[in-house]
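Before any comments, here is the structure.
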């Protein structure tokens with residue numbers, strides 16, 4: 001499980017702007033288990049699961065979510081979510097290697113499994129990582145992320 005994925009700068013700039021301007025942010029799966037985002041600094045459970053109603057959204061930092069499900073893409077953590085102009089779904093930025101809108105099923109599916117493994121996932125990444133990635137680049141340029149079993153890093 002590892003690989004390099006590419007994103008278009010202009011698409012990611014839209015997500016950065018949204019998450020930075022958003023009044024609050026959605027928690028990720030991992031945030032649900034982190035006491036620093038819970039009211040009173042303690043994870044309260046409801047039916048054996050962290051109670052999402054106990055999350056203090058004002059403590060969640062602006063971030064982008066790297067999602068692997070139907071392909072792999074970035075999306076804003078900002079609330080309210082960034083919706084497409086037609087209101088049908090969220091604005092996202094697909095990684096070129098795993099884009100189901102542009103690649104045949106076997107091509108993007110196999111690449112997604114090779115890079116991310118078989119399970120769907122959502123990984124929270126700091127918005128500062130992406131600000132650095134797009135700085136000084138044209139909207140039509142791209143940038144690369146290296147994905148390994150243990151980390152995700154920006155490549156030059």
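Residue-wise test of (1) in contact with a helix residue (DSSP H, G or I) (Cβ under 8 Å, 6 or more places away or on another chain); (2) farther than 28 Å from residue 118 by Cα.
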position	(1), (2)
30	no, no
37	yes, yes
43	yes, yes
61	yes, yes
81	no, no
85	no, yes
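Can you go through 87, 117 and tell me which one is over 17 Å from residue 147 (Cβ atoms), surrounded by fewer than 19 Cβ atoms within 10 Å (Cβ to Cβ), modelled with pLDDT under 95 and assigned by TED's automatic domain parsing to the domain that holds residue 136?
On the way: 117 fails: over 17 Å from residue 147 (Cβ atoms).
That would be 87, the only listed residue that is over 17 Å from residue 147 (Cβ atoms), surrounded by fewer than 19 Cβ atoms within 10 Å (Cβ to Cβ), modelled with pLDDT under 95 and assigned by TED's automatic domain parsing to the domain that holds residue 136.
Scan the stretch 144-153 and give yes if some residue there is surrounded by 12 or more Cβ atoms within 10 Å (Cβ to Cβ) and either free of Cβ contacts under 8 Å to residues at least 24 places away in the same chain or more than 17 Å from residue 1 (Cα to Cα) (or both), otherwise no.
No, the stretch 144-153 contains no residue that is surrounded by 12 or more Cβ atoms within 10 Å (Cβ to Cβ) and either free of Cβ contacts under 8 Å to residues at least 24 places away in the same chain or more than 17 Å from residue 1 (Cα to Cα) (or both).
Taking the condition within 14 Å of the chain's Cα centre (by Cα), modelled with pLDDT under 95 and under 24 Å from residue 17 (Cβ atoms), does residue 123 pass?
Values: within 14 Å of the chain's Cα centre (by Cα): yes; modelled with pLDDT under 95: yes; under 24 Å from residue 17 (Cβ atoms): yes.
Answer is yes for this residue.
If you go through the stretch 125-140 one residue at a time, how many are in contact with a helix residue (DSSP H, G or I) (Cβ under 6 Å, 6 or more places away or on another chain) and exposed (fewer than 13 other Cβ atoms within 10 Å of the Cβ)?
Looking only at that region, the number is 1.
Out of contact with any helix residue (DSSP H, G or I) (no Cβ under 9 Å at 6 or more places or on another chain) and in a loop (DSSP other than H, G, I, E, B): does that describe residue 113? Step through it out loud before you land on a result.
On the way: out of contact with any helix residue (DSSP H, G or I) (no Cβ under 9 Å at 6 or more places or on another chain): yes; in a loop (DSSP other than H, G, I, E, B): no.
No: the conditions fail for residue 113.
What tally of residues in the stretch 56-99 results from selecting those that are within 12 Å of residue 24 (Cα to Cα) and either free of Cβ contacts under 8 Å to residues at least 40 places away in the same chain or not in a loop (DSSP other than H, G, I, E, B) (or both)?
9
The values are calculated or read from the model by the stated rules, or taken from the named source; none is laboratory data. Predicted, not measured: the structure shown is a model, and the values here were computed from it. So basically every Cβ, Gly included, is an ideal-geometry build from the backbone, and we count neighbours across all protein chains shown.
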